[in-house]
Each structure stands twice: as structure tokens, then as C-alpha cells.
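Accompanying notes for the structure given below.
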Amino acid sequence: MLSREELIQEAFRAMENAYAPYSNYHVGAAVLTTDGRVFWGANIENASYGATNCAERSAVFSAYSNGYHKDRIKALAIVSDGDRIAAPCGICRQVLCELLDHHTPIYLSNGKDEKDTDIDELLPMQFSVEDVLR
Ligand code: THU
């Protein structure tokens with residue numbers, strides 16, 4: 001099973017696959033599953049800008065696409081080449097709120113600074129699946 005540091009290193013490898021010709025801001029993410037598999041994601045931009053997919057959504061969508069739902073997701077690492085650690089954008093927080101358990105560890109790093117967080121910290125006062133499926 002990968003350690004926290006090793007999962008962060010996986011995310012840095014995923015970051016090399018970023019397609020970011022517009023922002024030149026590179027983000028990588030890696031999902032660790034309970035059986036030790038790793039799913040990578042990178043930010044994939046688009047000329048329409050709005051069709052861009054963030055790295056953490058790419059990674060979590062990849063895990064789900066391979067049959068790993070939140071009960072089998074152990075941790076998520078998100079890294080960037082920015083001067084500050086890349087905290088997930090608002091859209092990603094909403095998506096992660098639905099697709100991860102709220103205390104699943106989320107490791108943020110830019111190679112200089114690191115922070116460990118989770119969805120309950122990143123997204124207080126959630127609007128979630130419980131509000132709609134009642
Ligand atoms: N981006 C991510 O991939 N994840 C984040 O948490 C923040 C932003 C990407 C989207 C876009 O490709 C670039 O970073 C600049 O916004």
C-alpha cells in the first residue's frame with residue numbers, strides 16, 4: 001500500500017500529463033484505492049475554457065470509471081507547480097463532496113508546502129445528495 005508521500009509522488013507524475021496550453025498551470029492528482037490501486041488525473045484544458053477538466057475531477061472520474069466508488073477510495077493527492085498549494089476550485093469541491101467520503105484524506109502539495117485536509121473542511125454547509133434524494 002502506498003504511503004502518503006508516495007501518493008503525492010504519484011500525483012506529481014500525473015502532473016506531467018497536464019494539457020494546459022492556456023494557463024500553463026499544471027495540476028496532477030492521484031486516487032489511492034483500498035486495494036492499493038492508483039488512478040491518475042491531470043488538468044485537461046480546452047480552447048472554450050469552460051470545458052476544461054481539473055486534475056482532481058479527472059482522477060476521481062477515472063477511479064469511478066474503473067468501478068471504484070467512495071467506499072473503496074482511501075485517499076486523494078492533489079499537486080501543482082504553482083507558488084501556493086492548489087486548493088480545489090469550487091466546482092471540484094462540490095464534485096468531491098458527492099464522490100468521496102467526507103473524511104477521506106486529501107493531501108495538497110506544491111513540492112514546497114503541504115496541507116492535509118478533507119471535504120468537510122474544504123466545503124462547509126454542503127448542498128449534497130441527501131438534500132435531493134429525500
Ligand atoms: N485546476 C485544477 O486542475 N485543479 C484545481 O484545483 C485548480 C485549477 C486547473 C484548471 C486549469 O486547467 C488550471 O488549473 C488553471 O485554472
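Bear in mind that the values in this text are calculations on the coordinates, not laboratory data. Since the structure is predicted, the reported quantities are computational estimates derived from the model, not experimental observations. Positions of Cβ are backbone-derived with ideal geometry, glycine not excepted, and every protein chain shown enters the neighbour counts.
The figures follow:
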quantity: Single condition Lys115 does not satisfy, out of (1) without any contact (Cβ under 8 Å) to a residue 40 or more places away in the chain; (2) touching a Leu at 6+ places or on another chain (Cβ under 6 Å); (3) within 11 Å of the ligand (Cβ to nearest atom); calculated: (3)
quantity: Within segment 7-52, considering residues that are among the β-branched types (Val, Ile, Thr) and not in a strand (DSSP E or B), the one farthest from the ligand (Cβ to nearest atom); calculated: Thr34
quantity: Residue within segment 53-71 that is within 11 Å of the chain's Cα centre (by Cα), within 12 Å of the ligand (Cβ to nearest atom), farther than 21 Å from Ser128 by Cα and not in a strand (DSSP E or B) present; calculated: yes
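Conditions tested, residue by residue: (1) β-branched (Val, Ile, Thr); (2) closer than 24 Å to Met1 by Cβ.
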position: Tyr22; (1), (2): no, no
position: Val38; (1), (2): yes, yes
position: Ala47; (1), (2): no, no
position: Ala51; (1), (2): no, no
position: Ala59; (1), (2): no, yes
